[in-house]
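Heads up: the structure comes next, in structure tokens.
The values are calculated or read from the model by the stated rules, or taken from the named source; none is laboratory data. On a predicted model such as this, the values are computed, not experimentally measured, just so you know. Here Cβ is always computed from backbone atoms with ideal geometry, including for glycine, and neighbour counts include all displayed protein chains.
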Ligand SMILES: Nc1ncnc2c1ncn2[C@@H]1O[C@H](COP(=O)(O)OP(=O)(O)OP(=O)(O)O)[C@@H](O)[C@H]1O
């Protein structure tokens, strides 16, 4: 999993119990670079039934150890260090609270950010990102409800990229969409549906629509594998009520990335609003 904050230095501001990141502070926080988190999925019932051993062990909060169990390919245990490691018993809530929340909520403080999951089939990308997205949006609405002095407009869009083709997950039409590079807007998708959110339930409904539209197929490891890259984008516009519509917007991009690094570049383009 990776999480990218904006390039501005940030500082936390605790307002009414809600934690929000403010841009422009002097102290460079953990959000000024890509954070790499690892979450270990528990063995599935099938893997347990096949007697597959767990080869990865979390030694502490930042270190994970690999022990090969191939009898014909014995290797010495190898330790890898990341910003944060979550063992298989950790709940999605813990992953969100301790690994993602800071970056995800920076969007209401005016900083663009991206959170994406990367890994092989059946490693748990969709499982984690679904839960993380729900936690994030619940916290964003909680923040909005506590800040009635400001007006917020939330917009949501969703695409999948499958076999190099970009599709709108909120449209019934199956027409491939075109990607453009623009000096001001950065990389954007032409004619993409963008829905203004009414509330949290509205977003939940839209996420279900995306789920239903996704291309899925079976892989050896995953009966319901998403065969595409998915990118969900939430745009937050916030203004003091008397200046409605005049402030700049910020975006939060949440993605499931299946393999290639060029998608990381595409996702980062969400930062250039
Ligand atoms: N932390 C977890 N705890 C319990 N079950 C999990 C966890 N992570 C994943 N799973 C389960 O493992 C299976 C595979 O997860 P998921 O579909 O999220 O993988 P994926 O990486 O998105 O796969 P693909 O790339 O093939 O779409 C699912 O049945 C999911 O419910």
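Points to keep in mind about this one:
- Residue satisfying all of: in the range 109-128; surrounded by 23 or more Cβ atoms within 10 Å (Cβ to Cβ) and within 19 Å of residue 154 (Cβ to Cβ); nearest to the chain's Cα centre (by Cα) among these: 115
Matching residues to (1) touching a strand residue (DSSP E or B) at 6+ places or on another chain (Cβ under 8 Å); (2) touching a residue at least 40 places away in the same chain (Cβ under 8 Å); (3) surrounded by 13 or more Cβ atoms within 10 Å (Cβ to Cβ):
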site	(1), (2), (3)
170	yes, yes, yes
177	yes, no, yes
180	yes, no, no
199	no, yes, no
203	yes, yes, yes
209	no, yes, yes
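- The set of residues in the range 105-128 that are near the ligand (Cβ under 8 Å from one of its atoms), in contact with a strand residue (DSSP E or B) (Cβ under 6 Å, 6 or more places away or on another chain) and in a helix (DSSP H, G or I) comprises 125, 126, 128.
- Residue list for the range 155-185, restricted to those being within 27 Å of residue 240 (Cα to Cα) and at pLDDT below 90: 184, 185
- Options 102, 94, 134, 98: the member that is more than 16 Å from the ligand (Cβ to nearest atom), closer than 25 Å to residue 39 by Cα and part of a helix (DSSP H, G or I): 102
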